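One structure below.
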Amino acid sequence: MEEELGVQLLNRTKQQVTLTDEGRSFLADAKRVLALAAVTVESVRRLHSGEVRALNVGYVSNLFYDLLPKTLTSFHQSFPTVSVNLFDLSCGDQFRALEDGKLDLGFVGLHEPIARRGLEFRTIASYKTVAALPKDNPLAGKTTVELKALAPMFFIGMSEASYPCYREWLTKTCARAGFTPKVLQDVDLERTMIHAVAAGLGVALVPEQVKKLDHENVVFRPLNPTVGTEGSVAWRTENPSAALKAYVQIVEQVGRSIR
């Protein structure tokens with residue numbers, strides 16, 4: 001195998017044989033390939049017996065746009081006969097749909113609300129958080145905004161129903177900079193948040209992907225210190241779908257490649 005690959009996989013001495021760095025990497029990838037092969041075989045058997053149904057996937061339209069299409073392309077190549085139904089839902093609506101069995105998997109945000117609901121999850125991505133500021137805000141002219149400089153300002157937040165644990169995350173993030181955020185209003189949609197910022201009602205902390213919701217009266221600036229926003233997928237433990245298990249593996253692989 002080493003001759004075929006042109007890479008040394010083992011360190012050999014008279015006393016022992018150990019894996020090289022390349023060997024450890026190859027072993028980890030080989031295990032994932034074998035696991036995916038086993039899932040693929042099981043999926044084909046379920047398909048033959050009529051057990052496989054469509055895979056229902058929820059997502060937030062303004063998040064995961066760099067990851068979702070790639071996972072779907074890879075999944076379709078491996079499982080061309082399994083259809084995928086996509087549902088554009090808020091994080092909160094995805095949790096409710098997962099609990100009701102209407103979704104197989106959801107692309108959601110923070111992992112805390114997932115764990116509290118007893119769902120399985122994987123954190124698959126980490127995005128930088130940026131400050132959304134009105135264009136006429138004094139900080140808008142800076143290339144980087146100090147997080148503590150936002151302390152005197154009002155914040156626009158996300159509602160608990162739409163984005164569970166956002167307020168908790170915001171409070172903890174600001175506490176690390178030494179202040180408690182003054183939240184003027186909670187909204188249900190990211191676009192509504194951006195419109196509120198544009199109207200001069202306050203500032204907001206958002207994942208950098210939200211920058212695509214550009215508005216002529218809003219600017220986005222990196223933060224100092226850097227703040228991360230995690231992205232996770234969630235599903236019910238008792239869901240027996242082989243297609244779901246395969247898709248989770250694909251999501252993890254694509255997430256690693258993007259990171």
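Structure notes:
- For the chain, relative contact order (Cα pairs under 8 Å, six or more residues apart, normalised by length) works out to 27 percent.
- Fraction of antiparallel bridges per DSSP, the chain only, in percent to nearest 5: 60
- The ratio of the alpha-carbon radius of gyration of region 119-211 to the globular-protein estimate 2.2 N^0.38 Å is 1.08.
- Rounded D (µm²/s) - region 72-187, Kirkwood Rh over Cα pairs, Stokes-Einstein at 20 °C, 1.002 mPa s: 126
- Ignoring lysines fewer than eight residues from Lys212 along the same chain, the ones with Cα atoms less than 27 angstrom from its Cα are Lys70, Lys128, Lys135, Lys142, Lys148, Lys172, Lys182.
- For Tyr163, residues with placed amide H under 5 Å, excluding near neighbours: Gly92
- For Val219, nonlocal amide neighbours, meaning residues 5 or more places apart or on other chains whose placed amide H falls under 5 Å from its own, are Leu133, Lys135.
- Relative to its residue count, the chain spans a Cα convex hull of 183 Å³ per residue.
- Take the convex hull of the alpha carbons in region 146-259; its mean projected area over all directions comes to 8.7 nm².
- Helical runs (DSSP H, four residues minimum) scored at -39500 (n - 2.57) apiece and divided by the length of the chain put the mean residue ellipticity at 222 nm at -11000 deg cm²/dmol.
- Taking the C-alpha atoms only, the angle from helix 166-175 to the longest principal axis of the chain is near 70 degrees.
- Distances between placed amide hydrogens fall under 5 Å for Ile124 paired with Gly231, Ser232, Val233, all partners being 5 or more residues away or on another chain.
- Under the combined filter of DSSP loop state and at most 16 neighbouring Cβ atoms within 10 Å, region 111-209 retains these trypsin sites (Lys or Arg not before Pro): Arg117, Lys135, Lys142, Arg176.
- Full-extension gain in nm, Arg117 to Gln8, via 0.36 nm per residue minus C-alpha separation: 34.6 nm
- Degrees separating the helix 21-49 axis from the principal Cα axis of the chain, which is the longest one: 80
- For region 55-139: Kirkwood Rh in Å [reciprocal of mean 1/r, alpha carbons]: 14.7
- If you wrap the tightest convex hull around every Cα atom of region 187-251 and split its volume per residue, you get 138 Å³.
- The heavy atoms of Leu10 offer some 50 square angstrom of accessible surface to a 1.4 angstrom probe.
The values are calculated or read from the model by the stated rules, or taken from the named source; none is laboratory data. Everything numeric here is computed off the predicted structure, so don't read it as measured data. Quick reminder, even Gly has a Cβ in these numbers, built from the backbone with ideal geometry, and neighbours come from all protein chains shown. Surface areas here come from the heavy atoms of the whole protein model, side chains and all, with no ligands, DNA or RNA. Shrake-Rupley method; radii C 1.70, N 1.55, O 1.52, S 1.80 Å.
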